Every structure is written in C-alpha cells, then in structure tokens.
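What follows is a short report on a single structure.
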Amino acid sequence: MFGLWRAWKRSRFLGRELPSHWLGILEEHVPFFAGFGELERDLFLQRLKVFVWRLAWIEAGGMEIDDKVRVVISAAAVRLALHLDEDIYARLSEIVVYPSHYHHQDEDSVVFGEAHAWGTVVLSWDAVLHGLGNPHDGHDTATHEFAHVLDRNSGEFNGTPELRARGHYRPWALVLSQRYERLRAGETSERHVLREYGATNEAVFFSVAT
C-alpha cells in the first residue's frame, strides 16, 4: 500500500514542470552539476523534483527556507543516490535547516549537521554552502549527513548501506573494517586522506569516506 502511494506521489511530481530558476541556482551554487552529461543531467533533474517536493522543510534558529535552500540541499542528496533505487530515501521525511552552526541544549559542542534514525536530517546552511563550494577540502556536511541516511536505510547506522546483492556484503565488510582499523591505528596512508573523526565508529567512517 505504501509503495503504491509513494509511486503515485512520485508520478505527480515528475509530471510537474521544473521551475526554470532552479537551473540558475544549480549553476551558481552546485559546482558538480556542470559535470553531468545529458542523460545524467536529465535523470538528476527528475530526481531533484521528487526530492524537493516530497519532503517537509523546517526552519530553525531564524532560518528562512526558500527554493535556493531546498534545491542546493536536495542536490547533495540526489547526487549520492542518482543510480540507486528511487525509494532509497523513503524513510527520510523532513529536513531541518539552521542558518549556521548550532548547539544542543545544555551542550557547548558546535554542530553542523545530524541524521536521525526517525527520518530527520538537520543541517547548517552555512556548512552546506561551504562544503559544496569547496569540493577538495574534505569537508562536506550535506554529503556526510545524507551518507548517514543511506547507511541507516539498511536498518541501522553501521557503515554498511543497502547493497545490490547478498554476495556484496562480505567483501564490503572486509574492506571497510581493514580501512577503518588502519585509520584508528593512525596509519599515515589513511590519515593523509581521511579525517581523524572517521575513526569514531564504522558509521562515521562511511560518511567521512563518502
């Protein structure tokens, strides 16, 4: 029943015309968009419409959410899942956006983004723009958090997203665990590429590597 409902809603969104100003937003704020070939570009834009219009967008900390915010954040999510199942983000229901970094109540630590098990992603808009605008510095908050969502889609946050075949899980686990343990051990070859934060646990390792 839920699958039929999702398919019906998706068909309605796909039938709507892409707002022309979205292309300008993508060209200005999403550098990777220019690298798509014609087929990938068309697929990306179709998926983008569904992602933007399906979710609830919630303002926090004085943030004002407009199409620019929706399109840029959605672009980061859609890129990760462009060639995956159309329902890969089915458990995601809402995105909360702060204008900048925020703090948990009664905590001093700075937070740039979070992915929750119950279908919510929380993001700092400043961090999103910085991450997409600097593709070579190893910091991309939106990509990091949406990688957590893909990870959670398999059932839990454990560094192993839903793979295409049962036989893929063993080699995935082998490579993941080897690289994760090397990062934890502080091996130079790993630390040269991945941030130390990736050694927190396997789920964080997956998102940092992504």
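Consider only pairs whose beta carbons are under 8 Å apart and that are at least six residues apart or on different chains; among these, list those whose first residue lies in the stretch 83-106 and is in contact (Cβ under 8 Å) with a residue 24 or more places away in the chain and whose second residue is part of a loop (DSSP other than H, G, I, E, B) and loosely packed, with under 13 Cβ neighbours inside 10 Å. Sorted first by the residue in the stretch 83-106, then by its partner, the pairs are Pro99/Gly62. Being in contact with a strand residue (DSSP E or B) (Cβ under 8 Å, 6 or more places away or on another chain), open to solvent by 40 Å² or more (accessible area, probe 1.4 Å) and either in a loop (DSSP other than H, G, I, E, B) or closer than 19 Å to Glu145 by Cβ (or both) holds for only one residue in Ile58, Ile65, and it is Ile58.
Among residues that are of a type outside the set (S, T, N, Q), exposed (fewer than 12 other Cβ atoms within 10 Å of the Cβ) and outside any loop (DSSP other than H, G, I, E, B), Glu40 is not included.
Only helices (runs of 4 or more DSSP H) whose full extent lies in the stretch 165-210 are considered here, and the ones with at least 3 residues that are under 22 Å from Phe146 (Cα atoms) and open to solvent by less than 70 Å² (accessible area, probe 1.4 Å) are 169-184, 202-209. Considered as a group, the residues in the stretch 100-153 that are over 12 Å from the mean Cα position of the chain (by Cα) and among the hydroxyl-bearing types (Ser, Thr, Tyr) include one that is nearest to Asp85 (Cα to Cα), and that residue is Ser124.
The values are calculated or read from the model by the stated rules, or taken from the named source; none is laboratory data. Computed from a predicted structure; not experimentally measured. Neighbour counts run over all protein chains shown; Cβ positions are idealised from the backbone, glycine included. To get the accessible areas, we keep the full protein, side chains included, count just its heavy atoms, and leave off ligands, DNA and RNA. Shrake-Rupley method; radii C 1.70, N 1.55, O 1.52, S 1.80 Å.
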